[in-house]
Structure formats: structure tokens, C-alpha cells
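The values are calculated or read from the model by the stated rules, or taken from the named source; none is laboratory data. Just so it is clear, the structure is predicted and the values come from calculations on it, not from any experiment. Because the Cβ atoms are built from the backbone with ideal geometry, glycine has one as well, and the counts that use them run over all protein chains shown. In case anyone asks, the SASA skips ligands and DNA or RNA and just uses the protein heavy atoms, side chains included. Shrake-Rupley method; radii C 1.70, N 1.55, O 1.52, S 1.80 Å.
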Amino acid sequence: FRDYMPDLLKDELHHNGVQGTIVVQAAPTMEETSFLLDLCDKEESLIGVVGWLDINASDFEKHYLRFRSHSRFVGIRPNFPDLADGEWRHHKQLIHNLSILAEDDCAVELLVRPPALAGMAKLLEHVPNLSAVVDHLGKPDLTGKNYHLWADGMRSIAKFQRTSCKVSGLMTEGL
């Protein structure tokens, strides 16, 4: 329950030969994204920022271009609406905004749990060239109780060549 700033990590990075890190937003605000980009300007070990933008906003492109002008802005981790039916075609603004990111080859992190994986695959059908990163390996249930839900969802997402997984945060899933 405290902030950990880059200077606390410097010795550990150096000791382990790590030359740079990418910071990822923890708060869904553009102010946090700006704060992280400002940190990059002051700290050479920070080589990239995955920020936040409202993926549904009509002024998305304006804010995206502002952040994208910073050389260390590498992607976004937005909040997606929870769609049990996967009917993304009704979310035209969202699909348009994702298309902007796809054209610019800007990564989008998908912070989802197993029940939403199949729906995210349906979203990717609308924007198949999107560079998508499934956060936390899709948060599998490490007890194995819902393995098939997770595995089926991951198989549906794996069909998209520009999709990858970020292996992080798994320890908290096992608690």
C-alpha cells in the first residue's frame, strides 16, 4: 500500500543486467498515463508506457495521438464493456477506435478472465490485425475447476496471429 518509484528498482535492475522496463497503468485515467510518460522523461530505465484511454470515447483519436507523440508510449490497457453475448457490432465507436490502433500497430492489452475470452475472440474478428496482448495469461483458474472454459477461450483467441500473452500476475490468482 505504497508507491514504488523507479529509483527503488535501479539497484535490482543493474544487479540482474536488466536494461529497461515498461510500466503499465494501474489507474484507469489519462492523468496516470501522463504521469508515467513524465517518469519516462526523467528515468532512463523506463523504456515504455502502456497507458489508459477510454476505448469507447468519441474523442479517443485526439487523446491517442497526443500520447502517441511521445516516443515511449507503446500501448494501452483499456476497460472493455462486459458483453456476455459478444455482440461487438453494436459498439461501432469502440471498433473504430481499435481500428485506429490496428492501423498504427499499437498494442492493446486485454485484461480479461476466462468467461470473457470467447467474447474477446469475437471482438478480434472485427479488428483481426489488432496487436492484442492477453494480460495475465487470461487469468486461468489455477485450481483447474474451470480449465475447459479458459482453454477453449484461449484457443479461440490463438487463431489471431497478432495476439500474444503476457505472463504476469499469476501468483495472485493462486491465492
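Please pick out the residue among L149, L124, L130, L117 that is modelled with pLDDT of 90 or more and touching a Pro at 6+ places or on another chain (Cβ under 9 Å).
Result: L149 is the single residue among L149, L124, L130, L117 that is modelled with pLDDT of 90 or more and touching a Pro at 6+ places or on another chain (Cβ under 9 Å).
Exactly one of these conditions fails for L111: (1) without any contact (Cβ under 8 Å) to a residue 40 or more places away in the chain; (2) more than 15 Å from the chain's Cα centre (by Cα); (3) closer than 30 Å to L9 by Cα. Give me its number.
(2)
Test F160 against the criterion of being assigned to a loop (DSSP other than H, G, I, E, B), touching a helix residue (DSSP H, G or I) at 6+ places or on another chain (Cβ under 8 Å), in contact (Cβ under 8 Å) with a residue 40 or more places away in the chain and crowded, with 18+ Cβ neighbours inside 10 Å, and give yes or no.
Taking the combined requirement at face value, the residue does not satisfy it.
Under the condition of being part of a loop (DSSP other than H, G, I, E, B) and touching a Leu at 6+ places or on another chain (Cβ under 9 Å), which residue from the stretch 141-157 is least open to solvent (accessible area, probe 1.4 Å)?
Among those residues, the one meeting the criterion is D141.
Here are L130, L123, L137: which of them is of a type outside the set (D, E), in contact with a strand residue (DSSP E or B) (Cβ under 9 Å, 6 or more places away or on another chain) and in a loop (DSSP other than H, G, I, E, B)?
One residue alone meets the criteria, L130.
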